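Written out below as structure tokens is the structure these notes cover.
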């Protein structure tokens with residue numbers, strides 16, 4: 001097992017807290033870290049996922065402050081001690 | 001007169017550097033290039049910060065505000081109060097009672113009126129020295145470029161990403177800075193786009209959030225709208241550091257203003273090569 005730091009912004013901070021650490025099996029990818037958030041707040045996890053159980057493509061994800069994009073971003077590797085940040089853009093005006 | 005003002009702004013010309021000369025001063029005041037006594041009095045508390053040249057820059061500026069709702073209300077009020085000389089406001093909607101928890105330009109008596117009509121009336125009453133153009137229309141691909149024409153700055157105070165992306169494209173096409181903002185609940189976000197130099201809205205958010213996003217505490221729109229107005233004033237005055245290549249995220253519940261780094265996407269379909277991602 002390894003430990004990954006998670007920073008949640010705005011609505012996700014409400015759901016999961018400000019800064020937390022999750023334990024995931026090594027080797028790990030972004031998807032493992034996201035799914036581990038379900039142990040913190042199972043209902044909250046549903047706000048992160050789309051109807052097919054994938055991370056909503058609107059959610060901004062950064063690993064060690066670097067933006068991770070593209071279709072395969074959930075498979076992006078995460079190492080012990082890395083920081084994963086998540087933010088859900090908003091739409092209202 | 002407007003043409004002269006625009007030329008002065010674009011050429012970065014500063015009236016106060018014109019040699020002192022009574023005849024010249026009279027001519028500039030009559031032509032609207034110098035501040036009137038009423039303007040000097042109105043802006044007394046900001047002139048020490050921005051100078052007469054800064055105030056003249058604001059007066060010579062043309063700003064298009066897309067959206068006269070929750071974000072648009074504080075943005076418009078403070079740009080008008082600051083003395084931005086020409087404001088073009090665009091919104092297709094009419095005032096409804098359920099707007100009034102946050103859209104502070106409008107009141108009970110305005111229900112049923114076009115928001116732009118209600119807003120323009122309040123802004124002209126607040127500051128009769130500025131010009132206000134009210135366009136009761138939605139931003140769409142057929143009108144956005146024309147809407148942006150002649151503007152120094154575009155402000156995205158819209159409530160939907162379809163319009164936002166169109167405005168972003170118009171900003172890129174005409175090389176006009178754009179300040180984007182959006183709000184929901186207790187949270188809001190802002191980024192400034194300098195076309196070709198910083199991440200555009202499409203780079204920042206290539207996929208719009210899904211679903212309706214309507215629950216909001218009115219203060220959120222107020223706070224984020226005022227950040228947007230401040231960003232606009234800084235851009236017009238060329239003061240301070242703009243929020244480019246960064247997404248400012250306001251979290252009202254935790255009293256935090258976080259910064260999420262952004263960067264231009266070389267494959268962006270608006271400002272990059274257009275390759276799919």
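Quick note: the coordinates plus some simple rules give every number you see, no bench work behind them. Source: prediction; values computed, not measured. In this analysis, Cβ positions are derived from the backbone assuming ideal geometry, glycine residues included, and neighbour counts consider all displayed protein chains.
So for A:75, B:121, fewest C-beta neighbours within 10 Å to most, what's the order?
In order of increasing Cβ crowding within 10 Å: A:75, B:121.
Based on C-alpha coordinates, I'd like the Rg and Dmax of chain A, in Å.
Both quantities, over Cα of chain A: 12.2, 43 Å.
Across peptide B:262-268, what mean number of C-beta atoms from other chains lies inside 10 Å of a residue's C-beta?
1
Restricting everything to alpha-carbon atoms, can you work out Rg to Rh for region B:54-261 with a Kirkwood hydrodynamic radius?
The Rg/Rh ratio comes out at 0.93.
Roughly how many nanometres apart are two label points built 7 Å out from the Cα toward the Cβ at residue B:238 and residue B:146?
A separation of 3.3 nm, rounded to one decimal place.
What distance in nm separates the two pseudo spin-label positions at residue B:41 and residue A:64, each 7 Å out from Cα along the beta-carbon direction?
Those two pseudo-labels are separated by 6.3 nm.
For chain B, what does the helix formula give at 222 nm: sum of -39500 (n - 2.57) over DSSP H segments with n ≥ 4, over the residue count, nearest 500 deg cm²/dmol?
Counting only the DSSP helices, I get -11000 deg cm²/dmol.
Can you compute the FRET efficiency between residue A:79 and residue B:254 using 1/(1 + (r/R0)^6), with r the Cβ-Cβ distance and R0 = 25 Å? Round to the nearest 0.05.
After rounding, the FRET efficiency stands at 0.35.
When only Cα pairs under 8 Å and 6 or more residues apart are kept, what is the percent relative contact order across region A:2-87?
In percent, rounded to a whole number, it is 41.
Got the relative contact order for chain B handy, in percent, Cα pairs under 8 Å and 6 or more residues apart?
Answer for chain B is 16 percent.
Counting DSSP beta bridges with both partners in chain B, what percentage is antiparallel, nearest 5?
So the antiparallel bridges in chain B amount to around 50 percent.
Please find, in a Gaussian network model of chain B (springs between Cα atoms separated by less than 10 Å), the residue of B:142, B:83, B:150 whose mean-square fluctuation is greatest.
The residue that fluctuates most here is B:142.
What is the calculated FRET efficiency for residue B:137 to residue B:96, with r their C-beta to C-beta distance and R₀ = 25 Å, to the nearest 0.05?
0.90
Averaged over B:200-209, how many beta carbons belonging to a partner chain fall within 10 Å of each residue's beta carbon?
Averaged over the peptide's residues, the number is 3.
Dimensions of the protein assembly as shown along principal axes (Cα, Å, largest first)?
81, 46, 39
Pick from B:253, B:262, B:230: which residue has the top mean-square fluctuation in a GNM of chain B where Cα pairs under 10 Å get a spring?
B:253
For a quick check: sort B:203, B:64, B:268 by the number of other beta carbons within 10 angstrom, fewest at the front. Can you show the working numbers first?
Working: B:203 25, B:64 28, B:268 20.
Ordered by Cβ neighbours within 10 Å, fewest first: B:268, B:203, B:64.
Quick check on chain A: helices-only [θ] at 222 nm, where DSSP H runs of length 4 and up contribute -39,500 (n - 2.57) each and the sum goes over total residues. Nearest 500, please. Spell out each step's value before the answer.
Working: 3 runs with 20 residues, N = 93.
Value at 222 nm, helices only, nearest 500: -5000 deg cm²/dmol.
Counting alpha carbon pairs within less than 8 Å and at least 6 residues apart, what relative contact order, in whole percent, applies to region B:46-188?
RCO, region B:46-188: 26 percent.
Work out the FRET efficiency for residue A:43 and residue B:129 from their Cβ-Cβ distance, taking R0 = 51 Å, and round it to the nearest 0.05.
The calculated FRET efficiency here is 0.45.
Could you work out the mean count of beta carbons from other protein chains within 10 Å of each residue's beta carbon in B:62-75?
Working: counts 0, 0, 0, 0, 1, 1, 1, 2, 2, 2, 1, 0, 0, 0.
For this peptide, the per-residue mean of nearby foreign Cβ atoms is 1.
Quick one: B:145, B:73, A:58, fewest Cβ neighbours within 10 Å first, how do they rank? Please report the intermediate quantities before stating the final value.
Numbers: B:145 14, B:73 25, A:58 19.
With the sparsest Cβ surroundings first, the list reads B:145, A:58, B:73.
Given the options B:260, B:130, B:104, state which has the largest fluctuation in a GNM of chain B using a 10 Å cut-off (strictly under) for Cα springs.
Maximum among the listed residues: B:260.
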